[in-house]
1. Quick check on my filter: what residues within the range 268-289 are of a type in the set (Asp, Glu) and closer than 9 Å to Ser199 by Cα?
2. Against the condition under 19 Å from Asp129 (Cα atoms), touching a Cys at 6+ places or on another chain (Cβ under 6 Å) and of a type in the set (Val, Ile, Thr), how does Ile274 come out, does it pass?
3. If the Cβ limit is 6 Å and pairs must be 6+ apart or interchain, which residue in the range 29-58 that is at negative phi and open to solvent by 80 Å² or more (accessible area, probe 1.4 Å) pairs with which residue that is modelled with pLDDT of 75 or more and not small (Gly, Ala, Ser)?
4. Which of the residues that make up the range 113-126 are under 19 Å from the mean Cα position of the chain (by Cα), open to solvent by less than 80 Å² (accessible area, probe 1.4 Å) and of a type outside the set (D, E, K, R)?
5. Out of the residues in the range 246-265 meeting the condition of being aliphatic (A, V, I, L, M), free of Cβ contacts under 8 Å to residues at least 40 places away in the same chain and part of a helix (DSSP H, G or I), tell me which one is surrounded by the fewest Cβ atoms within 10 Å (Cβ to Cβ).
6. Select from the range 195-222 the residues that are open to solvent by less than 40 Å² (accessible area, probe 1.4 Å) and assigned to a loop (DSSP other than H, G, I, E, B) and list them in ascending order.
7. Do you know which residues across the range 223-245 are open to solvent by 50 Å² or more (accessible area, probe 1.4 Å), farther than 23 Å from Gly201 by Cα and not β-branched (Val, Ile, Thr)?
Amino acid sequence: MSYLSLSNTSLVAIAISFVVICITIISLRIITQIKAKQALKEELAQHDNFAMGISFASEISVVIATMAFLFDEISISTAQSNPLKVILLIVLLFSFIKMGHLIHRKWILRRFNEEAAILKQNVCAALVDSGMLIANCILVLGLYTWTHTQGFSNLLIASVSFFVLQGMFALDSKIREKRFAKANQGASLQSNFGLENTSIGIRYAGKSIGLALAAYAGLSSAAFQNGKMVENLFTLVMHCGVMWLLLYCLTYIIKIISMPNIDTALEVDHQDNIGIACIEFAVFCAIGYLLISMFSI
């Protein structure tokens, strides 16, 4: 007969991580209420703002997932012997995730005000925004996995690598916008986010998360060289670039096999076909995870 056994150190780890999660979620709730200029209860329960609910749910998920990942990576003995280092690490992780989120809002999609659209109950905007938030969480955790064994001495390399990967996200988004314009007589993808086409938001979120998973696979398969900026950046670009290409090649094949003779662009862009968009979302995320499973070391 087997018994459930929890050591004191495990209980301490759970308690510490849960306290940090609660503090962070309370802070997020206060910030969200300030932006909405009213209580979150009124916005979610009385006004039925689904978009706000999706956005807040993604933020909670990112906080809990980040803490779970971090406490799985570090030992409780390390946390007890050097608590300041752990606190600094938590602050850095959340700071990078938020920075990537802001880059997405203010630069990559600078012609579309996601925050204002979410307050106006635009579900498409919430999906786009949440997808990129989750994608940045995956990206930051991938960078941590790639560099953390070398300590804080390589923080500059991690920071530069982070901005290089943001450039990859920006380039990918620009390519998506050009493809959308080509398929829709020059229409702007960012302008269409404001039309509340839910399927476009689902597809965009799926591609963002899938790309982040592919980048994670690239980082997991790349060897980190202590203190060598140029070599590490070259390795990062090569590995993540290959995973980026594999992601789109494999998803293209899977979509042809699973949805033969279906014009996905027409169905999503014009018919607001949520079913097709969900299939695309699932394919991109699944292929991204497949790349992690196949290429992680």
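1. Going residue by residue through the range 268-289, those that are of a type in the set (Asp, Glu) are 269, 272, 280.
Listed by number, the residues that qualify are Asp269, Asp272.
2. The answer is no for Ile274.
3. Phe50/Val123
4. Step one: of the range 113-126, the residues under 19 Å from the mean Cα position of the chain (by Cα) are 113-115, 118, 123-126.
Then keep just the ones that are open to solvent by less than 80 Å² (accessible area, probe 1.4 Å); that gives 114-115, 118, 123-126.
Residues satisfying the conditions are Ile118, Val123, Cys124, Ala125, Ala126.
5. Initially, the range 246-265 is screened for residues aliphatic (A, V, I, L, M), giving 246-247, 250, 253-254, 256-257, 259, 262, 265.
With free of Cβ contacts under 8 Å to residues at least 40 places away in the same chain added as a condition, the list becomes 253-254, 256-257, 259, 262.
In the following step, the residues that additionally are part of a helix (DSSP H, G or I) were identified as 253-254, 256-257.
Values: Ile253: 12, Ile254: 18, Ile256: 12, Ile257: 8.
So the residue we want is Ile257.
6. Once the filter is applied, which keeps residues that are open to solvent by less than 40 Å² (accessible area, probe 1.4 Å) and assigned to a loop (DSSP other than H, G, I, E, B), the range 195-222 yields Asn197, Ala222.
7. Let us first name the residues in the range 223-245 that are open to solvent by 50 Å² or more (accessible area, probe 1.4 Å), namely 223, 225-231, 234, 237-239, 242, 245.
From the residues that got through so far, the ones that are farther than 23 Å from Gly201 by Cα too are 223, 225-231, 234, 237-239, 242.
Of everything in the range 223-245, those that are open to solvent by 50 Å² or more (accessible area, probe 1.4 Å), farther than 23 Å from Gly201 by Cα and not β-branched (Val, Ile, Thr) turn out to be Ala223, Gln225, Asn226, Gly227, Lys228, Met229, Glu231, Phe234, Met238, His239.
The values are calculated or read from the model by the stated rules, or taken from the named source; none is laboratory data. This one's a predicted model, so the numbers in the text were calculated from it and none came from an experiment. Note that each Cβ is placed from the backbone with ideal geometry, even for glycine, and that neighbours are counted across all protein chains shown. We work out accessible area using only protein heavy atoms, side chains counted, and drop any ligands, DNA or RNA first. Shrake-Rupley method; radii C 1.70, N 1.55, O 1.52, S 1.80 Å.
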